[in-house]
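One structure below.
The values are calculated or read from the model by the stated rules, or taken from the named source; none is laboratory data. Computed from a predicted model, the values in this text were never measured in an experiment. All Cβ positions, even for glycine, are placed from backbone atoms using ideal geometry, and neighbour counts span all protein chains on display.
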């Protein structure tokens, strides 16, 4: 049996045989993050079509599903179709102001049970929503940013937008528009710097979730299983008029 030093020595030798493809270094932090974020938003107003095409390509590469609709009024139809195809009866969603639409008004007449996150409240309200999310088949959220280079959905938790909505149901549906698209992880860093700099949008207590496709877990024999630590399906709904 190899000793610890022998094992580490072999690892070092193998690492030296495969040097990094490029020199790694941290990206410079913007001196004025809010100004940098505003400039980036202006640039993305022109570049979003290419970013959307890349996002769709990368999302589908990791087994995510892309939908495109003209307006928010069409989003409930996407959810109804998913529920019918999967035999789902219960849906949880972000609070209407955070999501941009009230799922109860459009899905409950179709026979679905809908629970939306409370806009505020204390520990009991938060735990009640978590319990509802654990029993729901579909969770519907908005998106803070959609990262094109990896097909990643980025969600910042907060009042009316708990992370349990995206993590606990078997199917996660994320709704976003062109204003949420970013091209690179460096750009995400700029937006997070701006968010942190704005006292009115403090990140205190928030969780930032980077969601790249359905949850995947592999054991030591590399047997891949979906849905162990998160949703089995991730659907991104792009709304043209949002």
Open item on the list: I'm trying to understand the selection: among the residues of the range 104-143, which are modelled with pLDDT under 95 and within 30 Å of residue 49 (Cα to Cα)?
Closed with: 106
Open item on the list: Please pick out the residue among 97, 128 that is assigned to a helix (DSSP H, G or I), surrounded by fewer than 16 Cβ atoms within 10 Å (Cβ to Cβ), out of contact with any helix residue (DSSP H, G or I) (no Cβ under 6 Å at 6 or more places or on another chain) and in contact (Cβ under 8 Å) with a residue 24 or more places away in the chain.
Closed with: 97
Task: Residue match in the range 36-58 (condition: closer than 29 Å to residue 231 by Cβ and in contact with a helix residue (DSSP H, G or I) (Cβ under 6 Å, 6 or more places away or on another chain)) - done: yes
Open item on the list: Among the residues of the range 192-203, are any free of Cβ contacts under 8 Å to residues at least 60 places away in the same chain, buried (at least 17 other Cβ atoms within 10 Å of the Cβ) and closer than 26 Å to residue 86 by Cβ?
Closed with: no
Open item on the list: Condition check: assigned to a strand (DSSP E or B), touching a residue at least 40 places away in the same chain (Cβ under 8 Å) and farther than 17 Å from residue 137 by Cα. Does residue 68 satisfy that?
Closed with: yes
- [ ] Could you identify the single residue in 181, 168 that is touching a helix residue (DSSP H, G or I) at 6+ places or on another chain (Cβ under 6 Å), touching a residue at least 24 places away in the same chain (Cβ under 8 Å), over 19 Å from residue 86 (Cα atoms) and surrounded by 20 or more Cβ atoms within 10 Å (Cβ to Cβ)?
- [x] 181
Task: Subset of the range 38-65 [modelled with pLDDT of 95 or more and either assigned to a loop (DSSP other than H, G, I, E, B) or farther than 30 Å from residue 233 by Cβ (or both)] - done: 38, 39, 40, 41, 42, 43, 45, 46, 64
